[in-house]
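As structure tokens, the structure follows; a few thoughts come after it.
The values are calculated or read from the model by the stated rules, or taken from the named source; none is laboratory data. Bear in mind that the values here come from a model prediction, so they are computed numbers and not experimental data. As a convention, Cβ positions derive from the backbone with ideal geometry for all residues, glycine included, and neighbour counts pool all protein chains shown. Accessible surface is based on the protein model in full, side chains and every heavy atom, while ligands, DNA and RNA are left aside. Shrake-Rupley method; radii C 1.70, N 1.55, O 1.52, S 1.80 Å.
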Amino acid sequence: MKILSISRPLYCQQRTLTIENIHAETVALRLKSKSEFRYLILDVREKSYYDQLHIKGAINIESQEIMKWNDLSLLTPYLKDVNQLVLHCQLSLIRSPACALKIINLTKLKKDLGPMRIGLLTGGFKRWESLYGTNTDLCEGTKLSKNGP
């Protein structure tokens with residue numbers, strides 16, 4: 001069941017924000033290549049899951065916290081020079097789409113962020129883990145340190 005599928009840009013006060021599905025393979029290639037295209041990976045799962053295993057370089061802000069926000073002050077410092085914000089939860093079906101929409105609504109109020117694309121990791125962290133869960137170049141967390149390199 002697909003909860004959210006937005007294929008057209010959303011226009012927000014003189015700037016365009018786009019929500020798109022981003023495949024794990026695309027994110028992995030760009031992270032490995034140290035591409036000039038800069039992602040901010042926002043993991044909205046509970047901290048205990050993030051601590052166990054997460055995409056290397058991702059930040060963790062739990063979805064229930066994001067849904068309480070009245071502004072983007074906690075996220076803004078991370079957005080400098082970022083081309084795309086990629087959100088994910090376990091499956092990217094409910095929590096991360098809801099957080100993406102919340103961020104878009106808050107972005108309408110803040111005009112100085114500049115153009116930014118927003119993506120949802122297709123298949124969520126479950127798919128990412130099935131592809132890259134043992135790759136220490138792309139993942140980090142206590143689950144990896146227990147299993148060794």
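Out of the stretch 83-96, which residues are in a helix (DSSP H, G or I) and within 10 Å of the chain's Cα centre (by Cα)? Before you say what the answer is, go through the steps one by one.
Taking the stretch 83-96 and keeping what is in a helix (DSSP H, G or I), we get 95-96.
Result: Ser96, single match.
Between Leu121, Leu72, Leu91, Leu106, which is in contact with a His (Cβ under 8 Å, 6 or more places away or on another chain) and among the aliphatic types (A, V, I, L, M)?
Among Leu121, Leu72, Leu91, Leu106, only Leu121 is in contact with a His (Cβ under 8 Å, 6 or more places away or on another chain) and among the aliphatic types (A, V, I, L, M).
For the subset of the stretch 24-45 comprising residues that are in a loop (DSSP other than H, G, I, E, B) and out of contact with any strand residue (DSSP E or B) (no Cβ under 8 Å at 6 or more places or on another chain), which member is modelled with the lowest pLDDT? Walk me through how you get there before you give the answer.
Quick first cut of the stretch 24-45, residues in a loop (DSSP other than H, G, I, E, B) only: 34-38, 44-45.
Applying the additional criterion that residues be out of contact with any strand residue (DSSP E or B) (no Cβ under 8 Å at 6 or more places or on another chain) yields 34-36.
On the way: Lys34: 77, Ser35: 74, Glu36: 78.
Only one residue fits best here, namely Ser35.
Return the residues of the stretch 1-23 that are modelled with pLDDT of 85 or more and open to solvent by less than 90 Å² (accessible area, probe 1.4 Å); say none if nothing qualifies.
Passing the criteria: Ile19, Glu20, Asn21, Ile22.
Going residue by residue through the stretch 46-55, is there one that turns out to be open to solvent by 40 Å² or more (accessible area, probe 1.4 Å), farther than 25 Å from Leu29 by Cβ, modelled with pLDDT of 90 or more and part of a loop (DSSP other than H, G, I, E, B)? Lay out the reasoning, then the answer.
First, the residues of the stretch 46-55 that are open to solvent by 40 Å² or more (accessible area, probe 1.4 Å): 46-49, 51-52.
From what's left, farther than 25 Å from Leu29 by Cβ: 46-48, 51.
This time we only want the ones that are modelled with pLDDT of 90 or more, so: 46-48, 51.
Subset that is part of a loop (DSSP other than H, G, I, E, B): 46.
The answer is yes, given that some residue of the stretch 46-55 is open to solvent by 40 Å² or more (accessible area, probe 1.4 Å), farther than 25 Å from Leu29 by Cβ, modelled with pLDDT of 90 or more and part of a loop (DSSP other than H, G, I, E, B).
Tally the residues that are open to solvent by 20 Å² or more (accessible area, probe 1.4 Å), at pLDDT 85 or above and either farther than 18 Å from Leu40 by Cβ or small (Gly, Ala, Ser) (or both), restricting the search to the stretch 106-131.
Number satisfying all stated conditions: 6.
Quick check on my filter: what residues within the stretch 62-76 are surrounded by 16 or more Cβ atoms within 10 Å (Cβ to Cβ) and either part of a loop (DSSP other than H, G, I, E, B) or not hydrophobic (A, V, I, L, M, F, W, C) (or both)?
Glu62, Ser63, Trp69, Leu72, Leu75
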